[in-house]
Protein chains: 2
Amino acid sequence: MTGPAPIRKERNDRLDVTRPRALPGRQMLTASVYEAIKEQIMDLELAPGTRVNMDQLARDLEVSTTPVRESLARLESEGLVTRRSLQGYTVTAQPDWSDLHELFTLRRLLEPEAAREAAREPGDDLVSSLRSTLDDMAEPSSAVPEEQYRRHRTFVEADSVFHDAIAAASGNRLLRRTLAGMHSHVLLYRLYFEAGVSPERSATAEEHRAILAAIVDRQPEVAATAMRDHVERSHERVLGRTSALRPT
Amino acid sequence: MTGPAPIRKERNDRLDVTRPRALPGRQMLTASVYEAIKEQIMDLELAPGTRVNMDQLARDLEVSTTPVRESLARLESEGLVTRRSLQGYTVTAQPDWSDLHELFTLRRLLEPEAAREAAREPGDDLVSSLRSTLDDMAEPSSAVPEEQYRRHRTFVEADSVFHDAIAAASGNRLLRRTLAGMHSHVLLYRLYFEAGVSPERSATAEEHRAILAAIVDRQPEVAATAMRDHVERSHERVLGRTSALRPT
DNA sequence: CGAGGATATATCGTGTAGGATCGATGGTAG
DNA sequence: CTACCATCGATCCTACACGATATATCCTCG
């Protein structure tokens, strides 16, 4: 990796122009820090189980501790880190069989509804965005081992975008927020990465295609069923690939 | 109200005894502040739409701004407050028709599953705890208007405990956390309170009784159906009582 | 008299410093 | 070798400071 990747933008970026005022409201620093920490957790720079040093993080990101505190507080409420009374934060441990079961149970309950609603009147932007994720997931011809990392990453990213796009298109903001808050792609990415295996790209892409087809055809029930199948098969695939877990 | 109710516990509560050490880890100040703010939001001391002044809150609770910041960050990720770039925090506005629809859609998807799992092998503690909430919801003979407030409050509290107990008994921690994170009782309490009406206690209690009966009988599917009915009827009741909302 | 702009205040965002407390490591005495 | 104690490190909490911004007030001009 190329160092901790500081966030800090240059200080004197404010010109003498009276009012540049391009963006409506400048984005909060806390938001950047939040994304950066989530990134580090996803990339296993902050491995599961390790303790998170707030000051260290603040130094690395070249910000003060305040936005780090706020980000960690939010990450804790989302379950990515755990806080113990006077022991600081620790990255949530790798999910075990039970955790995965819970995660996929919720996804199986929620995502078909998202697909159903999204298929009622899908916008062109949704369809094109879903199509582009399918392109991103396309299997490259061959890759040297060091490229595996990036390929795996883009695959997970595309998968995440696919599901989030459908959730967004459902029109149900709470549903989308809830699904996003589970951070399933973060958990699964870490899990796959630790297990050293890649997900079955072709099967996933095939199921995504089926969902997309149902959405394009505006068949809500078909889309819901396809999504349910997809989530269930994903669950099975994850269990099959990470058999370091006891079934109850 | 009786003033802002400071949180601060006495400072010199540590005795000379070598190791009192009763509680494993003393509870974090942030946790108390979080609960206090949530309480104020629920009680409409912080009304929907009002801006939240961090310094003011810190002064009222007699703590510094840091735990207030952390609590607000968490509350924001849970949707109870909203943060805008340089405008501070605002209490999330009263839910409109669309928000309620989203909320009950998710509850309809999730809570039947919780009831189903809870009914598989319910513990005695679950049953007794559910029974006690039914007692708390029992209709008092009569009440002076100023008592209405407290009765309404205990009713909502009992309802919340009932649903959370089932979610907890489902064994699915993520499911429980997700349901709790919606803060539906906070939203509904505020909504009822503003509308100046009370929920239909008897109907709610009756449906709760049906759910409890199914759980006691260990009939998961019956429990799930009863829960689904309950959520759907609750939705209808809320819509009927707060018709300041347009259906799309 | 009304509208537009400039000033002023309160508040937010962020950063830094320091005191207090808890856990841990290492040394010393028995 | 074991038990106790002291120092050290880390973290939590608090307090304060500075720059930036939004809202409100007031003034000027048409």
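Between amide H atoms placed 1.01 Å from N, distances below 5 Å from A:Val52 occur with A:Tyr89, A:Thr90, A:Val91, all of them 5 or more places distant or on a separate chain. I want the local charge near B:Ile166. Using Cβ-Cβ distances under 11 Å, sum +1 for each Lys or Arg and -1 for each Asp or Glu among the other residues. Neighbourhood net charge equals -2. Within the assembled protein chains, the solvent-accessible surface assigned to B:Leu29 is about 70 Å², based on a 1.4 Å probe. Shown for the range A:77-95: residues covered by the partner protein chains by 50 Å² or more of accessible area relative to the chain by itself (probe radius 1.4 Å), namely A:Ser77, A:Arg83, A:Ser85. Residue ranking by accessible heavy-atom surface, 1.4 Å probe, largest first, among A:Arg51, A:Arg241 comes out as A:Arg51, A:Arg241. Solvent-accessible area lost on pairing A with B (1.4 Å probe, both sides summed) amounts to about 3000 Å². Quickly work out the B:Asn53-to-A:Arg59 label distance, labels modelled 7 Å from Cα along the C-beta direction, and quote it in nm with one decimal. Placing both labels 7 Å beyond Cα along the Cβ direction yields 3.9 nm. Accessible area per residue for the range A:97-241 is 46 Å², calculated with a 1.4 Å probe on protein heavy atoms, without ligands, DNA or RNA. Position B:Arg237: other-copy label points at 4.4 nm, ordered by increasing distance, label point 7 Å along Cα→C-beta.
A cut-off of 5 Å between modelled amide H atoms, ignoring neighbours fewer than 5 places along the same chain, links A:Val81 with A:Glu76, A:Thr92.
A:Tyr189 sits among other residues whose Cβ lies under 12 Å from its own Cβ, and their net charge, with Lys and Arg +1 and Asp and Glu -1, is -2.
Using a 7 Å projection from Cα along Cα-to-Cβ, the label point at A:Asp55 is separated from the same position in the remaining copies by 2.8 nm, smallest value first. Label-point spacing at B:Val216 relative to the other copies reads 5.6 nm, in ascending order, each point sitting 7 Å out from Cα along Cα→Cβ. A simple count of charges around B:Pro220, restricted to other residues whose Cβ falls under 12 Å of its Cβ and scoring Lys, Arg +1 and Asp, Glu -1, yields -2.
The values are calculated or read from the model by the stated rules, or taken from the named source; none is laboratory data. Just so you know, these numbers come straight off a predicted model, no measurement behind them. All Cβ positions, glycine included, derive from the backbone under ideal geometry; neighbour counts span all protein chains shown. Protein only, heavy atoms only, side chains kept; ligands, DNA and RNA dropped before computing areas. Shrake-Rupley method; radii C 1.70, N 1.55, O 1.52, S 1.80 Å.
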